[in-house]
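The values are calculated or read from the model by the stated rules, or taken from the named source; none is laboratory data. Remember, predicted model here, so these are calculated numbers, not experimental data. Reconstructed Cβ throughout: ideal geometry from the backbone, glycine too, with neighbour counts over all protein chains shown. The protein model used for the area step is the full one, side chains on, heavy atoms only, and it has no ligands, DNA or RNA in it. Shrake-Rupley method; radii C 1.70, N 1.55, O 1.52, S 1.80 Å.
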Amino acid sequence: LRREAAEYYRGHRVPQRVEEALNALFPLRPADLYGELANYFSRFSKAPVICKLAGRKVLDGVGQPTLEVEIYCTVKNYEKRICSAVMSFHSPIPENVLPETTEADEKERNDAVNAAMEWVNESLNTMLRDLKPTDQCEVDKMLGEYFTKKVEEKKEIQKEEEEEATLSLTSCAPAAVALSGQKKAAKTGKKMSSTERTIPPAEPTESVPCGSLAIGGTSLAVAKAGATINHVPLYLHIALLKCNQDSPKEMTLPLPMVTLLNCEKFSPAKLKLVKEVMLIPPAQLSLKQGIERILDIQKEIMRLLEPAGKALSPQLADSKKGRARNTGKKAPPSALKRISHLGCLITGCDNLEQPLLLMQTACNNIGVELGTDIYLAINCAAHELMDYVKGKYQILTGTFKSPDEMVEMYVELINKFPSIIALVDPLRKEDRQQWNNICCALGSKCYLIAEDAATNISKLKIDRNINIPMCSGVVLKYINQTKISDLIEFTGLLDGQRHITILGSPDGESSDDSLVDLAVGLGARFIKLGGLSRGERVTKYNRLLAIEEELAKNRTLRTEANFEFTDFAEEPQPEKQLSDVLPPPKQDSLPLQLSQPALQVHSPPAQLPENSTLT
């Protein structure tokens, strides 16, 4: 037995390692000798491997169920919980919907989370066992193959259901069905106007297998576990993955798009076009200084809205009782008590200029100049405004504009308010010709950003014939079956084509602050987190501030140049299909094609006459 033991230890070089450790530590004489010995020998221990995945149902920032994935690894022969990741559920939060619709949505969401838990606790738990959490590419490849298998299974089920439905229909009076179908088609043809025929129909929403949250949640949790095991922050771990393990010498922070106003589209006020009014600090300010400046503007807006609330809110207009009530009590009007799920103030306006003039007044009052000291961005969410009967966008109550008229309106708006440097979703993704027109008209003056058109990253991976509208950049959201490798590949393509990347948080946000690390590690130009209220939003801003301090302390923080806009008119390019311009993708690759026009440096104040003012 002694001989076997000696051979066993010699085979693992234990005597040699012990001698080396004792010789190395004696000159140091550490205060905690055994602790230092443990550190010394830990270098020779086996790399941690995944031993268990656990999926749990938790609540997000608005009290709705979502998925949490926990990673357990075998570390030095013991099972240890390494980390967890909470997925944000991408589901638009509706306003003024019917109770039946709400119940159906809640049931669908619960089914999705329950299915995701089943995927994690059963199939993925077995599939990823004994893999290294530091091997992100291998994990994501397996996750992608598993998801593809689930998609195929769902297609087979749908095909069988359609065949059964077809058989049941053909067996029930086929002649009557055909006749009624002909009559309906004839009536539809009579009612359809020429305007309707020119409006492209809305593309169908992406159908994903119930449980797809498990893919994104597991990929993110594995990335966090890899960062923990490598003893580096998550943002650096992501940057190393993107740079093929070459440590970046300098890193930049994404500029925050901070939402100050959420203009209700279903409020009694008339304005429908503007969903969010956002502020962007200048690049030369530190993040801390930028946030403080935005907070000052927010306080001034809240002060202005106390008297201005009578004009902005129809219920308080010309109401003596309302005025008496406001002056008699210190409590703010009802509008100020309402905070959106986006973490900002909810208000209603009667025209497009009203919220912009409010911002301008607030900035003037505190000595901040719009277009120099702070910039504006507007989330139009135009896809929510299309009236398909009229074939037009409803920008105000009772006011409709065609896609071409929308482009003219935006050109007039940017000319009047040059401090606006970004328009998010100014048009539906289906109006591609108008996207081209607005980019050529305004691309050198502001960013034209696609958010709704770019959320379905998985569709870009599966269908290579999807046309991407011309734009300055896209808002990426980490949702559903999106994987870390997808984001790395996607942002790499965008970087190579000189388009900006914005990491955005979904409506149903959680308290997990990993999105900020992803944005920093991927080198995103902007990050869209909502307002400076609600814990799940503020947590992310605090994380961004902490990363800024850490990078500044390490002297690796690099300040970006001021805003550069794309002049699409200089090099107009026809819209192409992905399959026409990209080589065949490798498995689990992420194709994308956008145009590559020239860039222009933005300097709004220099474009104005010396004696003019912003109005």
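Give me a count of the residues in segment 231-268 that are assigned to a helix (DSSP H, G or I) and over 21 Å from the mean Cα position of the chain (by Cα).
1
Provide a single number: the residues in segment 511-561 that are in a helix (DSSP H, G or I) and of a type in the set (Gly, Ala, Ser).
6
Which of the residues that make up segment 383-403 are in contact with an Asp or Glu (Cβ under 7 Å, 6 or more places away or on another chain) and open to solvent by 60 Å² or more (accessible area, probe 1.4 Å)? Show your work before the answer.
At the first step, the residues of segment 383-403 found to be in contact with an Asp or Glu (Cβ under 7 Å, 6 or more places away or on another chain) are 383, 391, 394, 400, 403.
Once the filter is applied, which keeps residues that are in contact with an Asp or Glu (Cβ under 7 Å, 6 or more places away or on another chain) and open to solvent by 60 Å² or more (accessible area, probe 1.4 Å), segment 383-403 yields only His383.
Restricting attention to segment 383-442, report how many residues are over 13 Å from Pro469 (Cβ atoms), assigned to a loop (DSSP other than H, G, I, E, B) and not small (Gly, Ala, Ser).
Matching residues across segment 383-442 total 7.
Considering only residues that are surrounded by 20 or more Cβ atoms within 10 Å (Cβ to Cβ), within 22 Å of Leu261 (Cα to Cα) and touching a helix residue (DSSP H, G or I) at 6+ places or on another chain (Cβ under 7 Å), which ones fall in segment 524-548?
Correct list: Ile527, Leu529, Gly530, Gly531, Lys540, Tyr541, Leu544.
For every residue, the table says whether it meets (1) in a helix (DSSP H, G or I); (2) closer than 26 Å to Ser511 by Cβ; (3) at pLDDT below 90.
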site: Leu279; (1), (2), (3): no, yes, no
site: Pro282; (1), (2), (3): no, no, no
site: Leu316; (1), (2), (3): no, no, yes
site: Ala324; (1), (2), (3): yes, no, yes
site: Leu342; (1), (2), (3): no, yes, yes
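Please go through segment 1-31 and give me each residue that is open to solvent by less than 100 Å² (accessible area, probe 1.4 Å), in contact with a helix residue (DSSP H, G or I) (Cβ under 9 Å, 6 or more places away or on another chain) and assigned to a loop (DSSP other than H, G, I, E, B), ordered by number.
The one that is open to solvent by less than 100 Å² (accessible area, probe 1.4 Å), in contact with a helix residue (DSSP H, G or I) (Cβ under 9 Å, 6 or more places away or on another chain) and assigned to a loop (DSSP other than H, G, I, E, B): Pro30.
Here are the criteria: (1) in contact with an Asp or Glu (Cβ under 9 Å, 6 or more places away or on another chain); (2) farther than 22 Å from Met278 by Cα; (3) open to solvent by 10 Å² or more (accessible area, probe 1.4 Å); (4) not β-branched (Val, Ile, Thr). Tell me which single one Leu551 does not satisfy.
Among (1) in contact with an Asp or Glu (Cβ under 9 Å, 6 or more places away or on another chain); (2) farther than 22 Å from Met278 by Cα; (3) open to solvent by 10 Å² or more (accessible area, probe 1.4 Å); (4) not β-branched (Val, Ile, Thr), the lone unmet condition for Leu551 is (3).
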